[in-house]
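The values are calculated or read from the model by the stated rules, or taken from the named source; none is laboratory data. Nothing here was measured: the structure is a model prediction, and the numbers come from that model. Heads up, the Cβs are rebuilt from the backbone with ideal geometry, glycines too, and the neighbour counts pull from every protein chain shown.
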Amino acid sequence: MARRRRRRKELPPLVHERRHAMLAVVKRDARNQPGTYRLLAPDGEVLYVGKTKGVRTRLLTHFRAEYPRDKSARMIAEAGSVVWDYEPSEFAACLTELRLIKRWRPRYNVAMKRDARHYAFIQLTAAPAPKLHVVRGAQGDDAATYFGPFHGAVQLAAALRELNDALGLRDCALDTPMHFADQEAPSVAVPRTPGCIRYEIGRCLGPCVAATTRSDYDERVRLAREFLAGRHDAPISVLREAMEASSKRLEFERAASLRDKVVRLESLQDQFARLRVAVESLSFTYQVAGQDGDDRVYVIRRGRVRHESPAPRNARDRALLDASVADVFGPVTRESGAVPSHEVDELLLLASWFRAHPKELERTTGPGAAALTQRAESVSRRRARSGSPRRGHL
């Protein structure tokens with residue numbers, strides 16, 4: 001039996017007029033060059049930000065969408081105007097799109113939020129009594145520090161529990177009231193019964209019941225940072241000593257349990273070591289060919305564009321660029337793997353860009369360029385052997 005064709009819903013007259021006027025502007029003025037565009041509501045609200053290799057073609061695609069089935073058509077129906085800006089290259093358009101989305105946070109831009117949730121991060125919250133826990137994506141707390149991105153949130157959370165237990169860090173709800181032993185007496189009595197059993201069994205310092213000072217707790221947080229940075233392995237050493245002591249007392253079940261904890265923490269250390277290498281490999285200069293000779297140079301350090309300028313055309317331009325590169329890379333320091341929240345999206349964007357455009361690595365020079373090229377070639381070989389495209393890791 002033939003399928004009944006669904007009747008297309010008509011736009012209200014006023015909406016139809018707005019749509020027709022916007023379409024006329026696009027047909028008259030838009031060119032097929034890389035750029036970004038914004039759909040604006042009649043009151044000026046930014047509904048959607050997009051980027052494209054060809055502005056004209058992309059915008060016309062929005063207008064051809066079927067209302068109300070397609071998201072593009074629904075956005076056009078809400079919009080009162082469309083504006084666009086040309087960029088020298090697709091890469092420049094990607095960067096501008098990201099920055100505009102972070103600035104305006106349009107309600108129709110959900111793809112970037114969805115992509116970020118594919119990754120797990122360790123979040124270190126701000127004081128008082130900072131907390132280490134696993135989150136999806138890296139949004140919502142600009143004061144927090146993030147470590148990642150990682151795949152495998154369940155395994156990551158299990159390893160982090162061992163770290164919290166070994167150092168006595170809290171894992172309670174973020175809104176749990178904290179009171180340190182060296183604080184002034186509060187106007188309301190401090191509870192003497194903790195909200196969970198971890199303090200009673202010696203796995204938490206108990207900042208919720210004034211069982212520790214702020215400085216002692218902050219020292220444990222510092223040790224956690226040092227452990228995640230690969231600068232020491234005190235939590236593992238403590239567990240190993242306890243494991244050996246249990247074995248000598250013939251407490252083999254406890255020794256086996258402690259051994260499993262050590263394995264999980266060592267795995268976490270290994271993940272961080274790989275992360276540091278991956279992030280550091282996103283450190284180089286990248287020259288991008290642009291429209292009409294508008295070539296640009298991007299100086300990238302640890303997955304973020306730190307400097308951008310037109311490609312040098314003479315000795316003076318080259319000297320200025322060299323000075324900027326020297327300033328960005330500066331003294332070599334051992335990085336921790338921590339990523340401020342405002343840098344996470346750009347790091348993911350750059351990692352994704354070079355995975356999708358491996359040939360662009362030929363345009364990079366600097367400390368991380370060779371390492372990133374080797375990693376890209378290794379991923380390509382693995383994909384060729386497996387015969388299926390896999391979601392790339394950072």
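Results, tabulated for the structure shown:
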read-out	value
Candidate set: the range 196-236, residues that are farther than 23 Å from V277 by Cβ and of a type in the set (F, W, Y); chosen: the one surrounded by the most Cβ atoms within 10 Å (Cβ to Cβ)	Y217
Residues being closer than 15 Å to V135 by Cβ and of a type in the set (K, R) - total across the range 156-173	1
Set E66, E87: member being modelled with pLDDT under 95 and not basic (K, R)	E66
Where D142 falls short, out of the listed (1) surrounded by fewer than 16 Cβ atoms within 10 Å (Cβ to Cβ); (2) within 16 Å of the chain's Cα centre (by Cα); (3) not in a loop (DSSP other than H, G, I, E, B)	(3)
Of all residues making up the range 275-316, the number that are assigned to a helix (DSSP H, G or I) and within 23 Å of N32 (Cα to Cα)	3
Given (1) in a strand (DSSP E or B); (2) surrounded by 18 or more Cβ atoms within 10 Å (Cβ to Cβ), index of the condition P106 fails	(1)
Of the criteria (1) part of a strand (DSSP E or B); (2) surrounded by 15 or more Cβ atoms within 10 Å (Cβ to Cβ); (3) among the acidic types (D, E), which one D85 fails	(2)
Looking only at the range 250-301, and only at residues there that are among the aromatic types (F, W, Y) and at pLDDT 90 or above, the one that is surrounded by the fewest Cβ atoms within 10 Å (Cβ to Cβ)	F252
Condition met for Y217 (modelled with pLDDT of 95 or more and over 30 Å from L350 (Cα atoms))	yes
The range 17-51, residues that are under 19 Å from A93 (Cα atoms) and either touching a Pro at 6+ places or on another chain (Cβ under 7 Å) or part of a loop (DSSP other than H, G, I, E, B) (or both)	A30, R31, N32, Q33, P34, V46, L47, Y48, V49
Number of positions in the range 106-153 that are aliphatic (A, V, I, L, M), at pLDDT 80 or above, touching a Leu at 6+ places or on another chain (Cβ under 8 Å) and under 14 Å from S341 (Cβ atoms)	3
Selection status of E184, acidic (D, E) and within 21 Å of A351 (Cβ to Cβ)	no
Long-range neighbours under 6 Å by Cβ, at least six apart or interchain, first residue at positive phi within the range 207-228, second hydrophobic (A, V, I, L, M, F, W, C) and in a loop (DSSP other than H, G, I, E, B)	A210/A181; A210/V190
Boolean, A356 is at pLDDT below 95 and surrounded by 13 or more Cβ atoms within 10 Å (Cβ to Cβ)	no
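Here is a yes/no grid of residues against (1) among the charged types (D, E, K, R); (2) within 21 Å of E17 (Cα to Cα); (3) more than 29 Å from the chain's Cα centre (by Cα); (4) surrounded by fewer than 18 Cβ atoms within 10 Å (Cβ to Cβ):
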position	(1), (2), (3), (4)
V55	no, no, no, no
E66	yes, yes, yes, yes
A73	no, yes, yes, no
A92	no, no, no, no
